[in-house]
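The values are calculated or read from the model by the stated rules, or taken from the named source; none is laboratory data. This one's a predicted model, so the numbers in the text were calculated from it and none came from an experiment. All Cβ positions, glycine included, derive from the backbone under ideal geometry; neighbour counts span all protein chains shown.
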Amino acid sequence: MKSLIGAVLAVMVIVSAASAGQFGPPEPMADTGKFSLGLGYWFDQSEMKLDSSHLLGTMTDKSSQYYLQGNYTFLKDWEVYGRFGAADMKVDSGVGNFSDSGEPYGTLGFKGVLYRYNNFAVGPFIQGSWYGDHTGVAKNQWDTNVGISAQYKIPVGSCDFTVYGGPFAYWHQADSLLAFRPVVAQDDMKQKNNVGGFLGVKVPIVKQKVFFTAEGQLTNKVGAGASIGYAF
């Protein structure tokens, strides 16, 4: 009960703070009361559309993201995490391509285990990001993801190889700065769909200390990335 109450409170804090990338398995990397640190890369793709334009159709938004992540296990099986990094932005449309170099972005997330049975575990997560403005492309860009992550541990020698995945809902929006000639499109850019799935693996490199995680996500486009984390 204590864990569940803590989980609910953490979700409320994160949501009220206005919160892309890797979700990971539900089980925290570090032990209770300890931290983990990681470095990662994520390539994101999504189909976007302008709110008031039916002539331009959909556009493909691409972003390469490099980040540093810190996790804290505040209760048994529950953790919060934050990311800080740089993300570029490229929008490909039928009438032109627009891009801008890397700008700072930040992410807040929360996840944990609600149910565990032997090598199986499952739990919820919520994750949100806010991005720096991209000149000539977009400003006020944010995304939010909510879903369920399930994992299964496969013993390999003295280590556990973890496979995880699940469904999630997502919202991605920005204010367009795209200059389509002769029309200047300054409108809301929104992701075309809102439901997807993900699948990943977590592999110990140094037993219970250093982990490699790789993940792919399927929305209306495919995104993928990898990270290396160290548990203190």
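Structure notes:
- Among residues of the stretch 136-173, those that are more than 20 Å from residue 221 (Cα to Cα) and among the acidic types (Asp, Glu), counted: 1
- Residue 117 vs. criteria of a type outside the set (D, E, K, R), touching a Phe, Trp or Tyr at 6+ places or on another chain (Cβ under 6 Å) and either within 21 Å of residue 34 (Cβ to Cβ) or modelled with pLDDT of 95 or more (or both): no
- Residue pairs whose Cβ atoms lie under 9 Å apart, separated by 6 or more positions or on different chains, with the first residue in the stretch 74-96 and more than 21 Å from residue 130 (Cβ to Cβ) and aliphatic (A, V, I, L, M) and the second surrounded by 19 or more Cβ atoms within 10 Å (Cβ to Cβ) and at pLDDT 95 or above, are 75/112.
- Every pair of residues 6+ apart whose Cβ atoms lie under 8 Å, when the first sits in the stretch 154-176 and is under 14 Å from residue 142 (Cα atoms) while the second is surrounded by fewer than 18 Cβ atoms within 10 Å (Cβ to Cβ) and among the acidic types (Asp, Glu): 173/188; 174/188; 175/187; 175/188; 176/187; 176/188
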